[in-house]
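Comments concern the structure below.
The values are calculated or read from the model by the stated rules, or taken from the named source; none is laboratory data. These numbers come from a predicted model, not from an experiment. Cβ placement follows ideal geometry from the backbone for every residue including glycine, while neighbour counts extend to all protein chains displayed. Accessible surface areas use protein heavy atoms only, side chains included; no ligands, DNA or RNA. Shrake-Rupley method; radii C 1.70, N 1.55, O 1.52, S 1.80 Å.
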Amino acid sequence: MRKLESARITRPQGAAMTVDTHAGASVEFDDARSSAYRLGTAGAADSLRTIPVDGRPDPVRYVLARRTVAAGRVPSADVAAMDGFAVAGPSPWTLVGTSLAGDDPEVPQLEPGQACLIATGAVVPAGTDAVVRHEDIDGDWPPTGTVVNPRGTPRRRNIRRAGEEIEPGSAIGEPGDPVHAALRGLAAAAGLDELCVRQPPRMALIATGTELTSSGPAAPGRVRDSITPILRQLVPGAGAEVISAERVPDDADLLAERLGAAIDSADVVVTSGMASRGPTDHVRSVLAGLGARPVVSGVRVRPGGPASLALFGRGSGSVPVVSLPGNPLAAVVGFHTLVLPLVRGLVGAALPALAAAVLHGAPEPHPHSSTVVPVEFDDDGRLSPTGWHRSAQLRGLARQGLLAVLAPAGRESGATVRLLRQD
Ligand SMILES: Nc1nc2c(c(=O)[nH]1)N[C@H]1C(S)=C(S)[C@@H](COP(=O)(O)OP(=O)(O)OC[C@H]3O[C@@H](n4cnc5c(N)ncnc54)[C@H](O)[C@@H]3O)O[C@H]1N2
Ligand code: MOO
């Protein structure tokens, strides 16, 4: 049975972190996700930031810190849902005026037998029973004098009632909701100018490898660092800010020094490479030497098995350190397994449920580990593996940024998989 150890650590902001640590044994994919998420929620700091509703594009996916309530009413008055005629009483109607969006209606009150030419979104005069679409009336356009609808007063009233979508004080978002584009639009519609969000965790990236280069084609024996560019894109989407990104050669002393500096300046540290147990794979031993406590020591997932999570405590603070494998596809799997859940926990957001899908041509599941493969939808919406599934290969993932998680053999019915998206 897996050994569970309880560790109590205090954050600089004063929040106490109580974590279950899976020291030693590797854990299943879902258990690894929830351990990382729980560690994040336990360490979530309640520091806040105010962002404008209508500002520059966000540098990270922010998360609401509070229940957010509407300031205004939507719609702000009874308005027409169609272009046509506001009418009172049965057809025919005498045309008595106009109402355009942004202006008061020329005629404040309609009497039975009267109509007012009206634009979509314009305020309907008092006494209006319905708005008749202009294509439903007889006669010439623009109309003069009398307006006739052969079908009488329409069944649909085509009026959006004041406050039918939002009343002042009604909740439009809850703590932990991600501030995506539609929520921003809803906040604007509801009359808000600012949103109160969680301060994003500051993340330091350390890519290890003497062979790594940072520009141009790699010379024989060298490797262009492809993990840092991926993480720079994925981390803000998870809700954290990348405050530094550096490359460190395979040297244990140097790694210890750079890890120590990163831990001092960041809320979360993510390393890549040196994660396995080869001759230059120093991350585990360096972290152990620095006194870090293992939380997840390997995951039963292929690729991405060597990913691990540890907590580094210094003084009254503690900093989670995620170690990702050096193979780029394996690093992306490790990001989804440990980094994203940890960050979602730290910002008080929910751990995202993974959408289920049916995979055609799925590989044989592994007896004990989850299997992750790059997949793509064709024009008919059929999901299939892309090929290029080896842990050093990014070509398959680059097609649509989609990964499918196959449960170990015997766990899922048929070809049902769960999807990991790179957004
Ligand atoms: N004897 C064994 N060898 C390996 C095992 C094992 O269980 N026994 N596991 C394999 C698995 S699985 C993986 S994944 C890798 C993980 O290795 P490391 O995390 O120690 O990574 P490195 O050895 O540093 O690098 C592996 C590979 O990836 C390249 N790399 C590293 N960083 C980057 C980067 N930022 N961008 C692009 N490519 C990178 C590196 O040059 C190597 O080619 O170990 C297997 N071996
Ligand atoms: O598990 Mo490694 O992470 O496949 O290539």
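Across the stretch 190-196, rounded Karplus estimates of 3J(HN,Hα) from the backbone phi angles (6.51 cos²θ - 1.76 cosθ + 1.60, θ = phi - 60°) give 7, x, 8, 9, 9, 10, 9 Hz, Gly and Pro being marked x. Relative contact order for the chain: 18 percent, from Cα pairs under 8 Å spaced at least 6 residues apart, divided by residue count.
Subtracting the Cα-Cα distance from 0.36 nm times the residue separation, let me have the gained length for Arg411 to Thr280 in nm, one decimal. Please report the intermediate quantities before stating the final value.
Numbers: separation 131, 0.36 × 131 = 47.16 nm, distance 3.64 nm.
My answer for the length gained is 43.5 nm.
Close amide H pairs (under 5 Å, H built 1.01 Å from N) link Arg222 with no residue at least 5 positions away or on another chain.
Averaging over all projection directions, the Cα-based convex hull of the stretch 79-160 occupies 4.3 nm² in the image plane. Spin-label model, His134 to Ala350: label points 7 Å out along the Cα-to-beta-carbon direction sit 4.4 nm apart. The stretch 168-243 and the stretch 62-112 have Cα centres lying 40 Å from one another.
Stretching the chain fully between Arg157 and Ile51 yields a gain of 34.2 nm (0.36 nm per residue, less the alpha carbon separation). Taking amide H positions as modeled 1.01 Å from N, with prolines and chain starts lacking one, the residues under 5 Å from Thr386 and 5 or more places away or on another chain are Val375, Glu376. Solvent exposure of the chain amounts to 47 Å² per residue of accessible area, where only protein heavy atoms count and the probe is 1.4 Å. In the chain, the DSSP-assigned H stretches of four residues or longer account for a calculated mean residue ellipticity at 222 nm of -5500 deg cm²/dmol, using -39500 (n - 2.57) per stretch and the full residue count as denominator.
Of all DSSP beta bridges in the stretch 356-421, what percent run antiparallel (nearest 5)? Provide the component values of the computation, followed by the final result.
Numbers: 15 of 16 bridges.
Around 95 percent antiparallel, to the nearest 5.
Evaluating 6.51 cos²θ - 1.76 cosθ + 1.60 at θ = phi - 60° for every residue in the stretch 55-62, the Karplus couplings come out as x, 5, x, 5, x, 9, 7, 6 Hz, glycine and proline recorded as x. Among Arg160, Arg67, Arg133, the largest mean-square fluctuation in a Gaussian network model of the chain (Cα springs under 10 Å) belongs to Arg133.
May I ask you to compute the full-extension gain from Asp380 to Thr98, defined as 0.36 nm times their residue separation minus their alpha-carbon distance, rounded to one decimal in nm?
Details: separation 282, 0.36 × 282 = 101.52 nm, distance 4.82 nm.
My answer for the length gained is 96.7 nm.
Give the calculated FRET efficiency between Arg224 and His360 to the nearest 0.05, with a Förster radius of 41 Å applied to their Cβ-Cβ distance. Could you put the intermediate results ahead of the total?
Working: r = 33 Å, r/R0 = 0.81.
The formula returns an efficiency of 0.75 here.
Mind ordering 292-303, 148-159 by average Cβ neighbours within 10 Å, highest first?
On the way: 292-303: 23.1, 148-159: 14.6.
Ranking the peptides 292-303, 148-159 by packing returns 292-303, 148-159.
Rounded to the nearest 5, what is the percent of antiparallel bridges among the DSSP beta bridges in the chain? Provide the component values of the computation, followed by the final result.
Details: 56 of 86 bridges.
Antiparallel bridges make up about 65 percent of those DSSP assigns within the chain.
Based only on the alpha carbon positions, what is the Kirkwood hydrodynamic radius of the chain, in angstrom?
Working: mean 1/r = 0.0399 Å⁻¹.
Evaluated over the chain, this radius sits at 25.1 Å.
Taking square-rooted eigenvalues a ≥ b ≥ c of the alpha carbon gyration tensor, is the stretch 173-296 rounded, prolate or oblate, where a/c under 1.5 means rounded and, failing that, a/b exceeding b/c means prolate? Prolate, since a/c reaches 1.5 and a/b exceeds b/c. Treating each Cα of the stretch 257-411 as one equal point scatterer and applying the Debye formula with no solvent, the log10 of I(q)/I(0) at q = 0.12, 0.13, 0.17 Å⁻¹ comes out as -0.57, -0.66, -1.02. Around the amide H of Glu165, modelled in the peptide plane, lie the amide H atoms of Val74, all under 5 Å away and 5 or more residues distant in sequence or on another chain.
In the Gaussian network model of the chain, springs joining C-alpha atoms below 10 Å, which of Ala189, Ala86, Ala330 carries the largest mean-square fluctuation? So, out of Ala189, Ala86, Ala330, the one fluctuating most is Ala86. In order along the stretch 37-49, the Karplus-derived 3J(HN,Hα) couplings, from 6.51 cos²θ - 1.76 cosθ + 1.60 at θ = phi - 60°, round to 5, 4, 4, x, 5, 5, x, 4, 8, 9, 8, 10, 9 Hz, and Gly and Pro are given as x.
Quick one: grab the alpha carbon gyration tensor of the stretch 356-421, order the square roots of its eigenvalues as a ≥ b ≥ c, and give me rounded if a/c is under 1.5, else prolate or oblate depending on whether a/b is larger than b/c.
oblate
Quick one: work out the % antiparallel among DSSP beta bridges in the stretch 224-380, nearest 5. Of all bridge pairs located within the stretch 224-380, approximately 65 percent are antiparallel.
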